[in-house]
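The values are calculated or read from the model by the stated rules, or taken from the named source; none is laboratory data. All values derive from a computational prediction rather than experimental measurement. Using ideal geometry, Cβ is built from the backbone for each residue, glycine included, and neighbour counts are taken over all protein chains shown. Accessible surface is based on the protein model in full, side chains and every heavy atom, while ligands, DNA and RNA are left aside. Shrake-Rupley method; radii C 1.70, N 1.55, O 1.52, S 1.80 Å.
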Amino acid sequence: MPQRMRVVVGVSGSLGSLAALHRAVAEARRSGGEVLALHTWEPPSGEFGHRRSPCPPLLAAVREAATACLADAMTEAFGGADPGVPLAARTVRGRTAPVLLAAAGRPTDLLVLGPSGSWLHRGLRGSVGTQCLRRAGCPVLVVPRPELALDLRGLSARRVDAELRELVEGRR
């Protein structure tokens, strides 16, 4: 009996990851597949730092925050409504790209990614999308940044501060 197509999607809670989640659901609906939504987390000091000086209460707090982040993202994406396809949402401890690649390990899987994070995150950790595109053993779909995210990115802190100053000073 052939296995049902599995659509694996990384969910961080960003607008881009919510767009990827919606696209993953659409792909699963089209193919009769199921969605596996993953949110990854690591100890604040990384695995090496945690092994050197473990702090179980901090680790528990970070795990709880990751679980809450995923639950909030699912609520934002679907508003409590049924997405119409089998969907499992899980938090997984580990670096994002290796976790996603391990989950989308079958050639019949589809890995759906949102746009890469900030330039700082890409510089420090590398692009998740690039790592997945290079190493995936299944098709990878990268969803472009939503228009709303592009509009919000155009609002710089200086511009917002200047507009607030004008409002306070009564120039507007």
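Scan region 77-117 for residues that are out of contact with any strand residue (DSSP E or B) (no Cβ under 8 Å at 6 or more places or on another chain) and farther than 18 Å from Gln131 by Cα and report the count.
Total meeting the criteria: 7.
Looking at Leu133, Leu58, Leu100, Leu110, which is the one that is among the aliphatic types (A, V, I, L, M), over 19 Å from Gly13 (Cα atoms) and touching a residue at least 60 places away in the same chain (Cβ under 8 Å)?
Checking each option against the conditions leaves just Leu110.
From the residues in region 52-92 that are more than 15 Å from the chain's Cα centre (by Cα) and among the small types (Gly, Ala, Ser), which one is modelled with the lowest pLDDT?
My answer is Ser53.
Yes or no, residue by residue, for (1) open to solvent by 60 Å² or more (accessible area, probe 1.4 Å); (2) within 20 Å of Pro115 (Cα to Cα):
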| residue | (1), (2) |
| --- | --- |
| Gln3 | yes, no |
| Leu18 | no, yes |
| Ser31 | no, no |
| Trp41 | no, yes |
| Glu64 | yes, no |
| Ala77 | no, yes |
| Leu101 | no, yes |
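Tally time: how many residues in region 52-66 are among the polar types (S, T, N, Q) and touching a His at 6+ places or on another chain (Cβ under 8 Å)?
0
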